[in-house]
Every structure is written in structure tokens, then in C-alpha cells.
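My questions will all concern the structure given below.
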Amino acid sequence: MNTHEPADGIDRPATAPATAGPPGELLARQQTDEEFSAFYRAHIRPLVAFVVNHGASVHTATDIAQEAMTDAYRNWTGITYPKAWVHRAVSRALVRKIASVEEPVEEVPEPTPLLARPDAIAEWETRHDALPLLRGLPPRQRQVLAWTLAGFTPIDIADHLGLSAENVRANLMKARRAVAAHLNAREEEQ
């Protein structure tokens, strides 16, 4: 798909290496599990933050990120650029979730391995004062800014979202201006 994906330390052929019989298969499986485990540990929290930056609640973001990682594990040997793959997967899952909601209902969070204390979410969100600002941006600006905060370039973002690079840059510029204006207004209030 894209030859200029950001490096995340895992570039490999799209197919798994050939193995010679069951011992080779076991060794390849262990290597795959170790590779995926390292990727998971390095990327799960930033992936949750990415979904939160798109406007999702922390509970919803953890569910979506976990489902994307589960799918990534199932398809691991066929994924060439895992970081880009999981970011696209969570973006699509969030869009599907938003489109399927008939009436917004307050979710009752339950403990999960990624979210051991759901009651601490409100406390966490208040410490991250950028979240209300991000949630106040128009959807496209919020989306482009979330991809940027996740480390993707405008060209990468354009490729993943099916937009022109100019469109991405324009939305990113508008989002940055809105953030700067908010920060300037806050400084003037103090």
C-alpha cells in the first residue's frame, strides 16, 4: 500500500517465512508471539490515547484498541506495517461505533485489564485539559490532529484517510490555530 510508512521497528515480508515441519512451525509461532507481544506493549497505550483524541471515552477507546490488537494478532504474519494497520483499524471501528449509536447513553464502565479502575477515568480526563479542546474541534480537524499526535506525517495521514495531502495540511493548520487561540485566551485569563 504505502511505501513511506513510519518506522515502528517491525518491517517484514507480507507472508510468514517457510518452516520445515512442526519444530520449525513452533519456533516461528514463538517468534511471532514474541514480536507481537513487544508491539502490543509498546503501542497499546498510545493507541488508546489516539482513540480518545478522536473524541471517544476512555472506556470505549480501550475496548476499540483491544479489539484492534486482537485482530492484529490474528493477522500478524500478513501485516507489513503494524502501527499504521492498528491505527486504521481503530479509526474504522470508531466510525462504525458512532454510526451505529441510535441514542447516546452513558456507559457504565467495567474493569478491564487495560482499565483496572474505571472510576478513575473522570479524574484522568480532568488532568488532561487538552481533551475538551480536542473534543471541541470539528471532526475532520480532530481526526487529523489525532493522527498527527500519533506520529504520522500529513502524507501518511492523507494516504490512510483517502484525502489529499493539501486537505490534511489545511485541517491540521486550522486545528493548530484553534489550539493556539485557546491557549492564548487561557493565558490572558490568568
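Quick one: which of Val86, Val52 is crowded, with 20+ Cβ neighbours inside 10 Å, assigned by TED's automatic domain parsing to the domain that holds Ala99 and under 15 Å from Arg135 (Cβ atoms)?
Val52
So which of Thr60, Thr19, Thr32, Thr70 ends up being part of a loop (DSSP other than H, G, I, E, B) and either modelled with pLDDT under 95 or more than 12 Å from the chain's Cα centre (by Cα) (or both)?
Thr19
If a residue must be in a helix (DSSP H, G or I), surrounded by 11 or more Cβ atoms within 10 Å (Cβ to Cβ) and at pLDDT 90 or above, how many such residues does segment 159-176 contain?
Number satisfying all stated conditions: 10.
Moving on to the next point. Within segment 64-85, which residues are hydroxyl-bearing (Ser, Thr, Tyr) and touching a residue at least 60 places away in the same chain (Cβ under 8 Å)?
Thr77, Thr80, Tyr81
The values are calculated or read from the model by the stated rules, or taken from the named source; none is laboratory data. Only a predicted model underlies this, so the values are computations on that prediction, with no experimental measurement involved. Here Cβ is always computed from backbone atoms with ideal geometry, including for glycine, and neighbour counts include all displayed protein chains.
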